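Here's the structure we're looking at; comments come further down.
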Amino acid sequence: MTTDARPRPRVPGKVVLACVAAALGGLLFGFDTSVVNSAVGALSEQFELTASMRGMVASLSLLGCAVGAWFAGSVSERLGRVRVMLLSALLFGLCAVAAALAPSVAVLLPVRLLAGVGIGAASVMAPAYIAEIAPPRSRGRLGGLQQLFITIGIFVALAVGLAMSRAAGGAVHDLWAGLPAWRWMFLVELVPAALYGLAALRLPESPRYLVGRGREVEAQRVLQGFTGLGDDEVDEEVDRIRTSIGVHATTSLRDLRGPALGLRPIVWIGLGVAALIQLSGINAVFVYSTSLWESVGFTESEALTMSLVTAGVNIAVTVVAIGLADRFGRRPMLAAGSVGMAVALAVTAFAFGQATTSASGELVFPMAWAMTALVAVNLMVVSFGLTWGPLGWVLLGEMFPPAIRATALAVATAVQWFVNYAVTRSFPVVSEAWGLPATYGTFAAVSAFGVFFVLRFLPETKGRSLDEMGDGARAA
């Protein structure tokens, strides 16, 4: 593991603010994840959901995310990055109101699917936009902002859910205006939607998009106003963007074809990164942590508090990761993170194996092993938050060649959301059928495989210009 001791040039404040505004899209996913975490128990009680249907309610937005991510790249090539961000905020806000007022699970399910479309589109736009305007030597730090806002969204929504649940005496009980607390939890999602939409209104369009559409004068204006480049430097940058785009101002799925089982090697690597982010089981931890702790004997309030602690740890380590992202290579950090996750998940699996069943059929979790599981889960979150959490999004935004970046990023992000859906959808059923030890043991095995994948296939992208990215699996 090596560090780069060269002094870093100061990033213009307007560039930082633009990256922060784009990364606010992470709030949508973070909020939605924790709202479901806080409300899923009450939803199960109010609508009498089976384990399978509980998984459907919790995961259907993730299937929508895959749809939104799949189309976001091509739509953004036509409408622009900023307009897609605005549409995402609008759709998410409308779905927040619809979910809060849903009279039945039959209405709630399609609303959750549409909310996911907004989240998925925003998840593509943030890494794409940031990668296109951030200086190469600061791209890791700025690209990690999306993950930071995901963690902040998780924490804030959990805190709000805990406060509402306690105020109402339980998430299923009425809070204000005759509505139960879980409905208010969904309604609060209007806040991140509004923040994201207002921030997007202040953003300039991506210079790379503008050049690709032949609007070079506008691109020059954005570069001068936001990056502080001089006239000659702006002209050089526009020429560099024009050259990198070449004849591929817009791309399609056909451009991803290559000799490696029908796809370019770098596309397969990107799909692997996307899948491994979610096969670690991180969102099984965040979506089901409250019901998980309740299942082993904690009260709803205690379980929400423990979930809040985990979310707080996630924020802290993500802040640290952003500071480290441009000091160390992507590959060594991700390999180390995979080792940490594998060990922590293995300990978690062993700890859950110590739970016993009482004569009344309830699980009994000895306090010593409960604390071991809590510490191990948080160590898994630390390992993920320092590495795969922020750097996964950074890599997906920067690793593809310029000619296919928008399309490849959209496909990889769609795969990431689809795998997230599959894990979240199946977790209640699988954990019930296999037991928690076997389920967490499987996550540990996947994280262990991640070490091999990173060291064997992943390219190093730290400090490289977007225009230097190629198809090589082990580019230095």
Discussion item. Using all alpha carbons of segment 81-205, what is the percent of pairwise distances in each 5 Å bin, ordered from the shortest bin to the longest?
Written reply: 2, 11, 17, 20, 18, 13, 9, 6, 3, 1, 0
Response to the item:
For segment 1-108, shape from the Cα gyration tensor axes a ≥ b ≥ c, cut at a/c of 1.5 then a/b versus b/c, turns out prolate
Worksheet item: Just how much of Trp388 is accessible, in Å², when a 1.4 Å probe is used and the result is rounded to the nearest 10?
Response: 0 Å²
Worksheet item: If you look at just the Cα atoms of the chain, how large are its Rg and its Dmax in Å?
Response: 22.0, 79
Worksheet item: Solvent-accessible area per residue for the chain at a 1.4 Å probe radius, Å²?
Response: 38 Å²
Worksheet item: Spin-label point model (7 Å from Cα, Cβ direction): what's the Ala445 to Leu253 distance in nm?
Response: 3.1 nm
Worksheet item: With each pseudo-label sitting 7 Å past Cα toward Cβ, what's the Met371-Val339 distance in nm, one decimal?
Response: 2.8 nm
Worksheet entry | Rounded to whole Hz, the Karplus (6.51, -1.76, 1.60) HN-Hα couplings of segment 143-153, x for glycine and proline | x, x, 4, 4, 5, 4, 6, 4, 5, 5, x
Worksheet item: How high is the relative contact order of the chain, in percent, with contacts defined as C-alpha pairs under 8 Å that are six or more residues apart?
Response: 26 percent
Worksheet item: Once every DSSP H run of n ≥ 4 in the chain is given -39500 (n - 2.57) and the sum is divided by its residues, what mean residue ellipticity at 222 nm do you get, rounded to the nearest 500 deg cm²/dmol?
Response: -25000 deg cm²/dmol
Worksheet item: What does the highest-first list of 16-26, 432-442 look like by mean Cβ count within 10 Å?
Response: 16-26, 432-442
Discussion item. With the cut-off at 1.5 for a/c, could you classify segment 310-433 from its C-alpha gyration tensor as rounded, prolate or oblate?
Written reply: oblate
Worksheet item: What distance in nm separates the simple spin-label points at Ala177 and Val320, each placed 7 Å from Cα in the Cβ direction?
Response: 4.2 nm
Discussion item. What does the C-alpha gyration tensor say about the overall shape of segment 390-462? Classify as rounded when a/c is under 1.5, otherwise prolate if a/b is larger than b/c, or oblate.
Written reply: oblate
Practice prompt. Mind grabbing the accessible area of Asp231 for me, 1.4 Å probe, Å², rounded to tens?
Written response: 100 Å²
Response to the item:
Sorted on mean Cβ neighbours within 10 Å (highest first), peptides 104-111, 115-122, 50-57 come out as 115-122, 50-57, 104-111
Worksheet item: What relative contact order, as a whole-number percentage, does segment 322-412 give when Cα pairs under 8 Å and 6 or more residues apart are counted?
Response: 32 percent
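Within the accessible area of the chain, what % is carbon and sulfur when the probe is 1.4 Å and the other protein chains stay in place?
66 percent
The values are calculated or read from the model by the stated rules, or taken from the named source; none is laboratory data. Remember, predicted model here, so these are calculated numbers, not experimental data. Methodologically, a virtual Cβ is constructed for each residue, glycine included, from the backbone with ideal geometry; neighbour enumeration extends over all protein chains shown. Just the protein is used for accessible areas: all its heavy atoms, side chains included, with ligands, DNA and RNA removed. Shrake-Rupley method; radii C 1.70, N 1.55, O 1.52, S 1.80 Å.
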